[in-house]
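A short worksheet on the structure shown next.
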Amino acid sequence: MLCLNGVSLARTFPSTKWLFARHSCSKLFVGGLSYDTNETVLKDAFVQHGEIIEVKVICHHVTGKSKGYGFVQFTSETAASTALKEMDGQLLDGRNIRVDYAHRGRL
């Protein structure tokens, strides 16, 4: 669902639910990762905030090296919202990470 400050707009405006069906407030973008941060480290940093469905560190398709960002998807929007508030700006593997809601393209 598309979110505004962690609140699902589809819940606020039920008639627009179909517009936001492909977006989720439970998936977070994590930027500023150390190139040494792997999926296990990323998951361990976020799991304290709720149950996680998937963790993905994005890597270059040829070299296999991290591109410095990834995604964490939680089972609930509440857990994702808490993780965003608690983890944005925190130190992970020697780098201050940036956390935001993940989305496809710009609105």
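List of remarks:
- Amide H contacts under 5 Å for Tyr101: Phe29, restricted to partners 5 or more places along the chain or on a different chain, H placed in the peptide plane at 1.01 Å from N.
- Candidates per chymotrypsin sites (Phe, Trp or Tyr not before Pro) in segment 25-107, loop by DSSP, up to 14 other Cβ within 10 Å: Tyr35
- Segment 24-107 - accessible surface per residue (Å², probe 1.4 Å): 60 Å²
- If R0 equals 22 Å, the separation of the Cβ atoms of Glu86 and Phe29 corresponds to a calculated FRET efficiency of about 0.90.
- Phi to ³J(HN,Hα) by Karplus 6.51 cos²θ - 1.76 cosθ + 1.60 over segment 43-58, Hz, x for Gly, Pro: 4, 4, 6, 9, 5, 5, 9, x, 6, 9, 8, 8, 10, 9, 9, 7
- A DSSP coil position with no more than 10 other Cβ atoms inside 10 Å describes the following GluC sites (Glu not before Pro) in segment 38-107: Glu51.
The values are calculated or read from the model by the stated rules, or taken from the named source; none is laboratory data. Source: prediction; values computed, not measured. In this analysis, Cβ positions are derived from the backbone assuming ideal geometry, glycine residues included, and neighbour counts consider all displayed protein chains. When the accessible area is computed, the model is the full protein with side chains, heavy atoms only, and any ligands, DNA or RNA have been set aside. Shrake-Rupley method; radii C 1.70, N 1.55, O 1.52, S 1.80 Å.
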